[in-house]
1. Taking Cα atoms, how many degrees apart are the long axis of helix 22-40 and the longest axis of the chain, rounded to 10 and kept between 0 and 90?
2. What span do the alpha-carbon atoms of the range 6-57 cover on each of the three principal axes, reported in whole Å from largest to smallest?
3. Fully extended, how many nm does the chain gain between residue 20 and residue 32 (0.36 nm per residue separation, minus their Cα-Cα distance)?
Amino acid sequence: MTIQPQYITDANGQKLSVILPIDDYLELLEDLEDLATIAERKDEATFSLEDVIKELQL
């Protein structure tokens, strides 16, 4: 993804807001949700791929 933001500035040139294409915005939201999920699950137990495959075969 190549983000191409546009900025709204005040009279002094200070950036106040950003305008993004909707697709870029939605992709950023999805990434943020993914990161939040990862952070919430960081302390959960992990399982090896072999264990998962064995469990699915039962």
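1. Here the helix axis deviates by roughly 40 degrees.
2. 64, 23, 11
3. Residue separation times 0.36 nm, minus the Cα-Cα distance, leaves 2.8 nm.
Taken together, the values in this text are just the output of simple stated rules run on the coordinates, not laboratory data. Owing to the predicted nature of the structure, the values given are computational and were not obtained by experimental measurement.
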